[in-house]
Structures are given as structure tokens and as C-alpha cells.
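Quick notes on the structure that follows.
The values are calculated or read from the model by the stated rules, or taken from the named source; none is laboratory data. All figures in this text were calculated on a predicted structure; none of them were measured in a lab. Glycine also receives a Cβ, built like all others from the backbone with ideal geometry; neighbour counts cover every protein chain displayed. Keep in mind that these areas ignore ligands, DNA and RNA; they rest on the heavy atoms of the full protein, side chains included. Shrake-Rupley method; radii C 1.70, N 1.55, O 1.52, S 1.80 Å.
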Amino acid sequence: MQLKISEYLKPEAIIMEIKAKEKIAAINEIVEHMVEHKLVSDGKEFIKALAKRENLESTGIGDGIAIPHARTNAVGDLILAFAHSPQGIDFSSIDGKPSHIIFLIASPENQKSEYIMALAKLSKLLRKHPVREMLRNAKDPEEILQIVRANEE
Amino acid sequence: MEFKRYLLVLTSETDQAILSTAVQLCKNSRAKLYVMFVIEPNRVSRLASLTHQKVKAIYDKTEENGWQLLYLVEDEAVENGIWTSLHLEEGNLLELTKRYAETYQIDALVIRKKDEAKNVFVSSSVPVIGL
């Protein structure tokens, strides 16, 4: 199955400078932003699902990246959000470094294969150092989308 | 004897059956699960040569499959309330396994029998469960 992560990342789900300075506050801010833009119907349930997973693992995968994620029926379809933190946020990353790039992924409970594939494709994309640098230096949501589109395979 | 930290070692030759077994082992002893997928450059080159494909194409496919396996384990682990830590590495399986076992104070390794298990058995300082 071919899945393009750029097709699931909407410009309105992109935060160029997140205000929160710690993990749970950051997740709350991203989800509230998604609720405001009508990308998520049940924000409370969504946060609960994300927090449950954060308690059981570190979604900070290192190199300044965090990918909080969950399968929950609080969303109607596979969905991505992006947030940039210039100062960095402690996501208990495996390398101990703060996360500057945060991608949030969620899917309904019954879309497990798409969800796993999106996580895999995104993790692979973000392992590329130039991509991480470009995302950190991007000026607006359209540039973020262009970077993802141009570098995903 | 109860183990508190397992390291599940995965490669491109690992099948999914091993994932559930590792999760159940952790569930039974309320252990933490570290999962490492190893991309072995030698194996990638060999496969590229055998299949007449570009090394990069094989590498990319291996990496994506690796992440998929990692997130499949994680999804099942979270459903069972098990703490997990995911890692994708490139290099020598034996050396990486040894380094991870030391770094994360692993109590037992879980590895598919075919995946160099014999060598891991011989060199490992912790018990090895070959599935």
C-alpha cells in the first residue's frame, strides 16, 4: 500500500512556533489547535489517548524529534500535525536531547495498518539530517508541506 | 528468576510471530521492553547483489520495514500496558546487541533463532531466549 504522509498533514495543523515548554503542555497546545481548526472532534479523549502512550514510552526518538501518537476514535481519519519549538521540549528522548520538531499522529482504532505505515514513513523521513534542518528553518506551513512532499518516497 | 528488562533484537529476517511472544514475556514478569531493529549493511549489500537492485533501494525498504516492526511491537505492548523503548540502528548485530545490553542493563535478550542467535548465545553476558 502506498501512503503519502503529506496528504494527511493539513496547513492548518501546522504550528510554526509552539508556546509550551514541557511535554504534556505541548501535546495539549497542539490538540487544542487541532480542535479549534475542527480537525479533531473530541480533544479530551484525544489527549487522554496520547498521554496514556507517553506514560508507557518515550516518543522522543532522538535528534531533536518527538512523535507523540495514538490510535483513538477521537479522530475520524488518519491525521498529522506539526509543531516547531525553537527552545526545545523535554520529551524524555532516548538521546537525552530536547525535541524541536514535534509531529503528532493519530488514527481511528480500526486503521492500524495505515497508522503503523505513517509512523514508519515519518520516522524514516526524519532520520535524514538535511530534512530535520530544513524543517527547523522553515518559515511557514507551506514550506513545511513542500519539504515533506519533496523528501518522502 | 524474574527478568525486569528485555531486549528484543529484530532484523530484516525477523517474522512478526516473535513480537507477540516478546510482549507476553514482558507482560508475565511486568518487565520493560527495549526493542532494537538492526540494519546490517553486509546483508543489504548481499541482497542487492543477489536481486540486482540498487543498495539504496534495499536499504530504504529495510529501514521502512524496520520502523514498521518497531511500531507494531510498540502498539501491542501499549495495549498490554508494557513500557517500551524503540531503537533503529545500523551496524553489526553482535556489537550492537552487546552495547545495548550493557547500556540499558538488560536482563535477557530475545532473538529469532536464525538471526545470528548462535553467535549471540556464545558472546552474550546475559541469558538469550531464541524463538
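For the range A:37-61, name all the residues that are assigned to a loop (DSSP other than H, G, I, E, B) and either in contact with a Leu (Cβ under 8 Å, 6 or more places away or on another chain) or open to solvent by less than 20 Å² (accessible area, probe 1.4 Å) (or both).
As a first pass, look at the range A:37-61 and keep what is assigned to a loop (DSSP other than H, G, I, E, B): A:37-42, A:58-59.
Within the range A:37-61, A:40, A:59 meet the criteria.
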Review point. Which numbered condition trips up residue B:38, out of (1) open to solvent by 50 Å² or more (accessible area, probe 1.4 Å); (2) in contact (Cβ under 8 Å) with a residue 24 or more places away in the chain; (3) more than 14 Å from every other protein chain (Cβ to nearest Cβ)?
Key: (1)
Review point. Considering A:29, A:12, A:45, A:57, which residue is more than 14 Å from the chain's Cα centre (by Cα) and modelled with pLDDT of 90 or more?
Key: A:45
Practice item. Tell me which residues, restricted to the range A:91-129, are among the hydrophobic types (A, V, I, L, M, F, W, C), free of Cβ contacts under 8 Å to residues at least 60 places away in the same chain and either over 22 Å from residue A:153 (Cβ atoms) or within 8 Å of chain B (Cβ to nearest Cβ) (or both). Key: A:94, A:116, A:119, A:120
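Would you say residue B:103 is of a type in the set (Ser, Thr, Tyr), within 11 Å of chain A (Cβ to nearest Cβ) and open to solvent by 10 Å² or more (accessible area, probe 1.4 Å)? Steps first, answer last, please.
Details: of a type in the set (Ser, Thr, Tyr): yes; within 11 Å of chain A (Cβ to nearest Cβ): yes; open to solvent by 10 Å² or more (accessible area, probe 1.4 Å): yes.
The answer is yes for residue B:103.
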Exercise for review: Mind counting the residues in the range B:62-98 that are more than 10 Å from chain A (Cβ to nearest Cβ), open to solvent by 50 Å² or more (accessible area, probe 1.4 Å), touching a helix residue (DSSP H, G or I) at 6+ places or on another chain (Cβ under 9 Å) and in a helix (DSSP H, G or I)?
Suggested key: 2
Revision key, fill the gap. Within the range A:132-148, the count of residues that are assigned to a helix (DSSP H, G or I) and under 15 Å from residue A:103 (Cα atoms) comes to 10
Review point. Going by the structure shown, is residue B:56 within 11 Å of another protein chain (Cβ to nearest Cβ) and among the basic types (Lys, Arg)?
Key: yes
Review point. What do you reckon, is residue A:13 outside any loop (DSSP other than H, G, I, E, B), within 12 Å of chain B (Cβ to nearest Cβ) and touching a residue at least 40 places away in the same chain (Cβ under 8 Å)?
Key: no
Review point. Considering B:73, B:110, which residue is within 12 Å of the chain's Cα centre (by Cα) and within 24 Å of residue A:124 (Cα to Cα)?
Key: B:73
Revision key, fill the gap. Filtering the range A:62-85 down to residues that are assigned to a loop (DSSP other than H, G, I, E, B), within 10 Å of the chain's Cα centre (by Cα) and surrounded by fewer than 23 Cβ atoms within 10 Å (Cβ to Cβ) yields A:67
